[in-house]
Amino acid sequence: MRYFGAIFLTLFVTGVATANTAQPNSEQTVVLISIDGFRHDYIELHGAPNIAKIAQQGIRAEGLIPVYPSKTFPNHLSIVTGQYPSNHGIVDNNFYDTERKQHYKMGDGVQDSTWLTTLPIWNLAEFQGVKAATFFWPESEARINGRTASYYYKYSTPTPNRQRIDQIVQWLKLPKAARPRLVTGYFSVVDTMGHRFGPEAPQVGKAVQHVDQLIGELWQRLQTEVDEPVNLILVSDHGMSQIKAEAMIDYSAFNIDEQLFEVVNGATRLMIYAHESTTTEQINVLKQRLQAAKNGQYWLETEAQLAQLGVTETARKPAIILGTKAPAIFTSRPPEKRKDGGTHGYHSNRDMDGIFIAAGPAIKAKAPLQRFSNIHIYPFMAQLLGLELLSPIDGDAKVLAPLLKQD
């Protein structure tokens, strides 16, 4: 665990968010837990009674809509920044930047935080005198805007899940001057089993029940061991769809000229970046060839569709994006090495929906809540913590503001 004292930093911002944050009724604490790959229906499908009970005491959305693409790193950053990936910088788990002429892979922000162009919720809190702690969250180790949360752990997959619960409770029992009022936690096991076996497999059920037991324990300990009022928010970055080996698309058969293009396979989408010397005519020729060969297996994303999904012109936007739907993915593996399983990253649909559950002293119980985009969680947390928004965001505080109790 690392600890960093206060760092004085001047923030230069180009605008302000359109929605003002509301002051909470009293000083509140927020614990934000992400269960990676926990689909919106897993509570019933696999049996998660503790999470269901927490939802009954608070609120549960019909689903949490991921940003495009519905991948782990873009969505975790959107949840804690209120921005679309084009704005926070992490546009996929792996991508290429045509200006930097560099590839990004998951976690590269730890060594080079310039990959991120954003203000995560733990920095927003720290800049306003509210201590924050992160027990894992994608890119939470990165020194964004010159600092990290006051407390954080370097990501390590083997770290026991129970240790995460114990540490969260220990942080919340610190003396007031040292205690964080924002804590994040992260569990990956449900996503791992979903990829390996598919969303309806019994192995996924066991993972769901394991995390459910831990969340139940955390909720109980927040009530009995922590003196301060704590609001628990449970989210997931995306859901999961079944994939089939027989439906996989061999993109090596496209014979894309590597002298002209950089290709990054995102499984559910193929990203084709033009090199600096590649002409518009050469891009159009490739588009026409791919269009003619698609045979119902994939499609070429249009500019209009990408704009609707929040994709804007940056050096990380591919010249051509091929999209597909479950049970297909793009692959270069030979047929004998392809396996059925599960994945995510597709356009928004019910299989891609995650969960949003919130309960605590500042949350209205049993309020009806339709599915909504995860970009609205950031201003909601800022309201709970009494923080002012310091930079432009895509989320809107008005979406979840009705969930807060008023004086």
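Bear in mind these aren't lab numbers, they're just calculated from the coordinates by the rules spelled out. Keep in mind it's a predicted model, so treat the numbers as computed, not measured. Here the Cβ positions follow ideal geometry from the backbone for every residue, glycine too, while neighbour counts run over all protein chains shown.
Taking Cα atoms, how many degrees apart are the long axis of helix 161-172 and the longest axis of the chain, rounded to 10 and kept between 0 and 90?
40
Angle check, please: helix 72-81 long axis (alpha carbons) against the longest principal axis of the chain (alpha carbons), in degrees 0 to 90, nearest 10.
On a 0 to 90 degree scale, this one is about 40.
In deg cm²/dmol, rounded to 500, what helix-only [θ] at 222 nm does the chain give when every DSSP H run of at least 4 residues adds -39500 (n - 2.57) and the total is split over its residues?
-7500 deg cm²/dmol
For Glu200, project a label point 7 Å along Cα to C-beta. Then give me every residue of the stretch 235-265 with its amide nitrogen under 12 Å of that point.
242-243, by backbone N distance to the label point.
If contacts are Cα pairs under 8 angstrom and at least 6 residues apart, what is the relative contact order of the chain in percent?
Worked out over the chain, it gives 34 percent.
If you average the C-alpha positions of the stretch 36-64 and of the stretch 205-225 separately, how far apart do those two centres end up, in angstrom?
12
Report, ordered by chain and residue number, the aspartates and glutamates lying within cross-link reach of Lys176, taken as a straight Cα distance under 13 Å and ignoring same-chain residues fewer than 8 apart.
Glu27, Asp227, Glu228
Give the Debye-formula value of log10 I(q)/I(0) at each listed q (0.11, 0.13 Å⁻¹), with one equal scatterer per alpha carbon of the stretch 245-339, two decimals each.
Ignoring solvent entirely, the Cα scatterers give -0.32, -0.45.
Among the lysines in the stretch 245-339, how many pairs, 8 or more places apart or on different chains, have alpha carbons under 20 Å apart?
Qualifying lysine pairs in the stretch 245-339: 4.
With the chain treated as a Gaussian network of Cα nodes joined by springs under 10 Å, which of Ala55, Ala292, Ala367 yields the largest mean-square fluctuation?
So, out of Ala55, Ala292, Ala367, the one fluctuating most is Ala292.
Where the Cα atoms of the chain are projected onto their three principal axes, how long is each span, largest first, in whole Å?
Answer, in whole Å and largest first: 64, 50, 37 Å.
If I fit a long axis through the Cα atoms of helix 202-224 and take the longest principal axis of the Cα atoms of the chain, what angle between them do I get, 0 to 90°, rounded to 10?
Helix 202-224 and the main axis of the chain meet at about 30 degrees.
Between the stretch 65-83 and the stretch 237-270, what's the alpha-carbon centroid distance in Å?
Here the answer is 21 Å between Cα centres.
If amide hydrogens are placed 1.01 Å from N in the peptide plane, which non-local residues have theirs closer than 5 Å to the one on Phe330?
Residues meeting the amide H criterion: Ile249, Ala267, Thr268, Arg269.
Based on C-alpha coordinates, I'd like the Rg and Dmax of the stretch 169-291, in Å.
In Å, with Rg to one decimal and Dmax whole: 23.6, 67.
In the stretch 291-365, which GluC sites (Glu not before Pro) are in a loop and have at most 11 other Cβ atoms within 10 Å, using DSSP for the loop call?
Answer by residue number: Glu313.
Could you give me D for the stretch 304-346, from Stokes-Einstein at 20 °C and 1.002 mPa s, where the hydrodynamic radius is the Kirkwood radius over C-alpha pairs? Units µm² s⁻¹, please.
Once the numbers are plugged in, D ends up at 164 µm²/s.
So how long is each side of the stretch 80-133 along the principal axes, counting just the alpha-carbon atoms, biggest first, in Å?
Over the stretch 80-133, Cα extents along the principal axes are 38, 22, 17 Å.
How about the stretch 125-190: which trypsin sites (Lys or Arg not before Pro) there lie in a loop by DSSP and see at most 14 other Cβ atoms within 10 Å?
Lys154, Lys173, Lys176
Compute the signed sum of charges (Lys and Arg +1, Asp and Glu -1) over the other residues within less than 12 Å, Cβ to Cβ, of Arg179.
Around Arg179, the surrounding residues sum to +1.
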